[in-house]
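The values are calculated or read from the model by the stated rules, or taken from the named source; none is laboratory data. Here the structure is a predicted model, which means the values were calculated and not measured. Cβ: placed from backbone, ideal geometry, glycine included. Neighbour counts: every protein chain shown. Just so you know, the surface numbers come from the protein's heavy atoms only, side chains and all, with ligands and any DNA or RNA stripped out. Shrake-Rupley method; radii C 1.70, N 1.55, O 1.52, S 1.80 Å.
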Amino acid sequence: MRVLGIETSCDETAAAVIDWSSKDSRARVLSDVVHTQAALHARFGGVVPELASRDHLQRALPVVDEALTLAGVSLAQLDGISVTRGPGLVGALLVGVQLARGLALGAGKPLVGVNHLEGHLLAALLSENAPRLPFLGLVVSGGHTSLYDVRGFGDIHALGHTLDDAAGEAFDKAAKLLGLPYPGGAHIDRLARTGDKAAHAFPRGLARRSRLQLDFSFSGLKTALLVHVQAHGVPDGQALADLCASYQEAICDALTSRALRAAEQLRASRLVVCGGVAANSRLRALAEERSARAGLELYLPDVKLCTDNGAMIAVAGAHRLARGESDSQVLADPGWRL
Ligand code: KG4
Ligand code: ZN
């Protein structure tokens, strides 16, 4: 099946065409076009929803057009269209949903609306080294930090969520406080490489909660950094590197310890870490170290598959289209929980 995936839930306008085989659930990416709005939002230090919607409106059609051209596939040759229905910014979602509805109606193709987080989880299936289902999935991005039990296609169960900030948000807000450019996660990652992660003892959120708990919290960590900066100012040189490394360690420790705890509880044998924060070098190293010790198979998709893209939305739609699902009246659902 050739499926077009369209993603506009936040600040990336993305479209991709994949070739999906329902026999072995494997997919080949024929094209994958992403236009990022990062530069547009940089001077505000965060995504401005109205600017995001307007930019999606300008970019969506050209991005879809380019994805079809690069794949060498016409609208008429598609077997279906998949679009992100939620969660995300309502105005941003509406652009993708309405465009997908128009294309599906015009070309007479089946349409499905999919959950953005299901897309992140199933993006792992596009890797060279794709995991088999079931697996445990940790989604860590700028907007989400959640653990899921992925038992099968369309059979995904939430195990835990962040109670406040997402991990990416905790990185970006810290970076802003430290005077680093937006989005700051990658800058903290870079500075932390030469820092001492044991220089500061930052809190691990919810550490005193029951051992069964699988939620996350990063607001106390953020406050601890703020209090530190208010008392000592923003450091530079080695002291800045040490601060970044210690802060990053608190996030990565919380993420990996919760994921490992879930694996133990579920007796899972495979762990997938995905979402933009999965690009973090310390998170990758710590996940590898702890998974190896626990005998867990770890899957870390390429960074390109971890950040928002259309291919992951196409995969999340493909298995639904293959089962004959279709909804020509798809509606955006900004608060949709997976
Ligand atoms: O998945 P994504 O592209 O967009 C959302 O759906 O949110 O994730 C973006 C987030 C941002 O918060 C960014 O700072 C973070 O991923 N990020 C990183 C790194 N690269 C991107 N965080 C930590 N270390 C990195 N190397
Ligand atoms: Zn995302």
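Of a type outside the set (Val, Ile, Thr), under 20 Å from residue 172 (Cβ atoms) and open to solvent by 10 Å² or more (accessible area, probe 1.4 Å), is that true of residue 233? Working first, answer last.
Details: of a type outside the set (Val, Ile, Thr): yes; under 20 Å from residue 172 (Cβ atoms): no; open to solvent by 10 Å² or more (accessible area, probe 1.4 Å): yes.
No: the conditions fail for residue 233.
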Output for the stretch 36-50, where each listed residue is over 21 Å from the mean Cα position of the chain (by Cα) and over 18 Å from residue 97 (Cβ atoms): 43, 44
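On the basis of being in contact with a Phe, Trp or Tyr (Cβ under 9 Å, 6 or more places away or on another chain), over 30 Å from residue 26 (Cβ atoms) and of a type in the set (A, V, I, L, M), does residue 156 make the cut?
Values: in contact with a Phe, Trp or Tyr (Cβ under 9 Å, 6 or more places away or on another chain): yes; over 30 Å from residue 26 (Cβ atoms): no; of a type in the set (A, V, I, L, M): yes.
In short, no.
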Here's a check for you: in the stretch 151-188, which residue that is open to solvent by less than 20 Å² (accessible area, probe 1.4 Å) and of a type outside the set (Gly, Ala, Ser) is farthest from ligand 2 (Cβ to nearest atom)? 178
Looking at the structure I just gave you, is residue 291 touching a His at 6+ places or on another chain (Cβ under 6 Å) and away from ligand 2 (no atom under 16 Å from the Cβ)? no
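Working only within the stretch 194-218, note down all residues that are among the polar types (S, T, N, Q), surrounded by fewer than 16 Cβ atoms within 10 Å (Cβ to Cβ) and closer than 22 Å to residue 277 by Cβ.
Start the filter on the stretch 194-218 by keeping residues that are among the polar types (S, T, N, Q), which leaves 194, 210, 213, 217.
Remaining after also requiring surrounded by fewer than 16 Cβ atoms within 10 Å (Cβ to Cβ): 194, 210, 213.
Within the stretch 194-218, 194, 213 meet the criteria.
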Report whether or not residue 191 is open to solvent by 20 Å² or more (accessible area, probe 1.4 Å), in a helix (DSSP H, G or I), touching a helix residue (DSSP H, G or I) at 6+ places or on another chain (Cβ under 7 Å) and over 30 Å from residue 78 (Cα atoms). yes
Whether any residue in the stretch 45-52 is in contact (Cβ under 8 Å) with a residue 60 or more places away in the chain, away from ligand 2 (no atom under 16 Å from the Cβ), in a strand (DSSP E or B) and in contact with a helix residue (DSSP H, G or I) (Cβ under 7 Å, 6 or more places away or on another chain) is what I want to check. no
How many residues of the stretch 281-325 are small (Gly, Ala, Ser) and open to solvent by 20 Å² or more (accessible area, probe 1.4 Å)? The answer is 7
Sole miss for residue 136 among (1) within 16 Å of ligand 2 (Cβ to nearest atom); (2) open to solvent by less than 40 Å² (accessible area, probe 1.4 Å) is condition (1)
